[in-house]
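Participant: Below is a structure I'd like to ask you about.
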């Protein structure tokens, strides 16, 4: 089991550019979560999916952020246009179908820096 | 809505000291409770969990007991090591859509 795989590991971009973060969940997991972590705000849930369908996107900061899950093995988080305040570590996590007992399995994150 | 409150850090302890990190929660229904640990440059990892009242989760010398009457899930370890230095997150999972709610995280630093 390779675990949750995120790419890229680091991303540096200029303000106004489009940024796409990628996530491959653990095979067989049917929940996928996107989190953002900053020193100021801690760990924030952005959006999560069940069986590729978005369940709750209330944490998405604004229309500049969008997330998709076209199939069970891939998800993207896109920021367009990016701003310096988007600088953070973005984590993807997945879990299986054992109800509320299932823990989340996290990737190692993408550190985004917007200059 | 659901919420998790945990003590703010940082917590600094000497090696072999006793550790307690407090965690309380509010939730509808019957949540499962978790402690996660995050080492520098890594994602969160599950440390232990408890799925019903009075359950005790344990792993690597850490323990936490699901106390429904006090809505608490305090993390304890009898003798910490330098390698335990990390950020610890309390979390709950509940509801039909199994939403996960995290606390703010508590940074632990263990000095030799």
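Please treat every number below as a calculation from the coordinates, not as lab data. This structure is a prediction, so every number in the text was calculated from the model and none was measured. Neighbour counts run over all protein chains shown; Cβ positions are idealised from the backbone, glycine included.
Participant: In what sequence do B:111, A:26, B:21 fall when counting other Cβ within 10 Å, fewest first?
Facilitator: With the sparsest Cβ surroundings first, the list reads B:111, A:26, B:21.
Participant: Moving to a separate point now. Per residue of B:31-43, count partner chain C-beta atoms within 10 Å of its C-beta, then hand back the mean as an integer.
Facilitator: Per-residue shielding by partner chains comes out at 4.
Participant: Here's another thing I want to ask about it. Neighbouring Cβ atoms within 10 Å as the yardstick, rank A:32, A:43, B:92 fewest first.
Facilitator: A:43, B:92, A:32
Participant: Counting only other chains, and only Cβ atoms inside 10 Å, what mean value do you get across the residues of A:92-103?
Facilitator: The mean count of partner-chain Cβ atoms within 10 Å per residue comes to 5.
Participant: Now for a separate question. Which whole-number percent is the relative contact order of segment B:33-80 (Cα, under 8 Å, 6+ apart)?
Facilitator: Dividing the mean separation by the residue count of segment B:33-80 yields 25 percent.
Participant: Who wins for biggest fluctuation among B:83, B:58, B:32 in a Gaussian network model of chain B, springs between alpha carbons below 10 Å?
Facilitator: Comparing B:83, B:58, B:32 in the GNM, the peak value goes to B:83.
Participant: Something else about it: What spacing in nm lies between the two simple spin-label points modelled at residue B:68 and residue B:52, each 7 Å away from Cα in the Cβ direction?
Facilitator: Going by the 7 Å Cα→Cβ label model, 0.9 nm.
Participant: What FRET efficiency comes out for the pair residue B:20/residue A:44, r = Cβ-Cβ distance, R0 = 25 Å, nearest 0.05?
Facilitator: Given R0 = 25 Å and the Cβ-Cβ separation, E is 0.40.
Participant: Given R₀ = 22 Å, what would the calculated FRET efficiency be for residue A:83 paired with residue A:7, taking r from the Cβ atoms and rounding to 0.05?
Facilitator: 0.50
Participant: Using alpha-carbon positions, what is the distance between the centroids of segment B:33-112 and segment A:66-110, in Å?
Facilitator: Between the Cα centre of segment B:33-112 and that of segment A:66-110, the gap is 21 Å.
Participant: Would you mind checking the radius of gyration and Dmax of chain A based on alpha-carbon positions, in Å?
Facilitator: Radius of gyration, then largest Cα-Cα span, for chain A: 13.5, 42 Å.
Participant: For residue A:115 paired with residue B:109, estimate the spin-label separation in nm (one decimal), with each label point 7 Å from Cα along the Cα-to-Cβ line.
Facilitator: Going from the residue A:115 label point to the residue B:109 one covers 3.0 nm.
Participant: Give the whole-number value, in cubic angstrom per residue, of the convex hull volume spanned by the C-alpha atoms of the protein assembly as shown.
Facilitator: 121
Participant: Counting alpha carbon pairs within less than 8 Å and at least 6 residues apart, what relative contact order, in whole percent, applies to segment B:1-80?
Facilitator: Relative contact order of segment B:1-80: 32 percent.
Participant: Neighbour counts of other C-beta atoms within 10 Å: give me B:69, A:44 arranged from fewest to most.
Facilitator: Ascending number of Cβ neighbours within 10 Å: B:69, A:44.
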